[in-house]
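J.: Below is the structure I would like to discuss, written out as structure tokens.
The values are calculated or read from the model by the stated rules, or taken from the named source; none is laboratory data. All values reported here derive from a predicted model rather than from experimental measurement. Counting neighbours? That spans all protein chains shown, and the Cβs are built from the backbone with ideal geometry, glycine included. Quick note on the areas: whole protein, heavy atoms, side chains included, nothing else; ligands and nucleic acids left out. Shrake-Rupley method; radii C 1.70, N 1.55, O 1.52, S 1.80 Å.
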Amino acid sequence: MEIRKITRADKKFVIDMMREFYNSPALITNGSEKIFDNNVESCIKNSPYIEGFVFTVENKIIGYGIIAKSFSTEFGGECIWIEDIYLEKDYRAKGFGTKFINYVKENYPGKILRLEAEHDNQRALTTYKKFGFKELPYME
């Protein structure tokens, strides 16, 4: 799997995947076309707050990932939020999500990594725990 930044040519593919991802049990909101478009456009326009990536196998887009940048006063440092990790069904549970998390860790050394997951998403929770992520008892 190759990981590269989202380009304008990827926009349709990424938004199609977002529609599926945001309508899955992995999220509590369904998003909207306006949100999807804004997310991808912000990635393409090199926003300082968000970066988007596509995952490819033999030049076929099989998934995408988005990170957001912030500062954690609780931990006293820059924070990278792994916002979205989506893979097409045929590519799930094959180590591609792990490869993306490793990519983020390697490209943002020393940064605090955070992510959110639904309690019912046991496959994701198991993967995240292998990386040392811990459940925090916060409420929003």
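J.: Quick one: residue 54 ticks every box in (1) of a type in the set (A, V, I, L, M, F, W, C); (2) touching a helix residue (DSSP H, G or I) at 6+ places or on another chain (Cβ under 7 Å); (3) assigned to a helix (DSSP H, G or I) bar one, so which box is it?
T.: Condition not satisfied by residue 54: (3).
J.: Separate question: Determine, yes or no, whether residue 101 is hydrophobic (A, V, I, L, M, F, W, C) and buried (at least 21 other Cβ atoms within 10 Å of the Cβ).
T.: So residue 101 fails the test.
J.: Continuing with this model, one more query. Can you report the number of residues in the stretch 19-38 which are open to solvent by less than 30 Å² (accessible area, probe 1.4 Å) and at pLDDT 95 or above?
T.: Going through the stretch 19-38 one residue at a time, the tally reaches 1.
J.: Say we look at the stretch 79-97 and pick out the residues that are over 22 Å from residue 13 (Cβ atoms) and under 12 Å from the mean Cα position of the chain (by Cα); which of these is least open to solvent (accessible area, probe 1.4 Å)?
T.: 80
J.: Examine the stretch 39-49 for a residue that is modelled with pLDDT of 95 or more, more than 16 Å from residue 11 (Cβ to Cβ) and either of a type in the set (A, V, I, L, M, F, W, C) or crowded, with 21+ Cβ neighbours inside 10 Å (or both), and state whether such a residue exists.
T.: Checked against the condition, which is being modelled with pLDDT of 95 or more, more than 16 Å from residue 11 (Cβ to Cβ) and either of a type in the set (A, V, I, L, M, F, W, C) or crowded, with 21+ Cβ neighbours inside 10 Å (or both), the stretch 39-49 yields no hits at all.
J.: While we're here: Under 7 Å between Cβ atoms, at least 6 apart or on separate chains: pull out the pairs that start in the stretch 1-21 with a residue that is within 19 Å of residue 101 (Cα to Cα) and end on any residue that is open to solvent by 80 Å² or more (accessible area, probe 1.4 Å) and outside any strand (DSSP E or B).
T.: Note: pairs meeting the criteria are 1/99.
J.: On to the next question. Yes or no: the stretch 107-115 includes at least one residue that is at pLDDT below 90, touching a Lys or Arg at 6+ places or on another chain (Cβ under 9 Å) and assigned to a strand (DSSP E or B).
T.: yes
J.: Of the conditions (1) out of contact with any Pro (no Cβ under 8 Å at 6 or more places or on another chain); (2) farther than 19 Å from residue 123 by Cα, residue 63 satisfies every one except a single condition; which number is it?
T.: With (1) out of contact with any Pro (no Cβ under 8 Å at 6 or more places or on another chain); (2) farther than 19 Å from residue 123 by Cα applied to residue 63, the lone miss is (2).
J.: Here's a follow-up. If I filter the stretch 60-78 down to residues being open to solvent by less than 50 Å² (accessible area, probe 1.4 Å) and under 14 Å from the mean Cα position of the chain (by Cα), which single residue comes out as farthest from residue 112 (Cα to Cα)?
T.: 62
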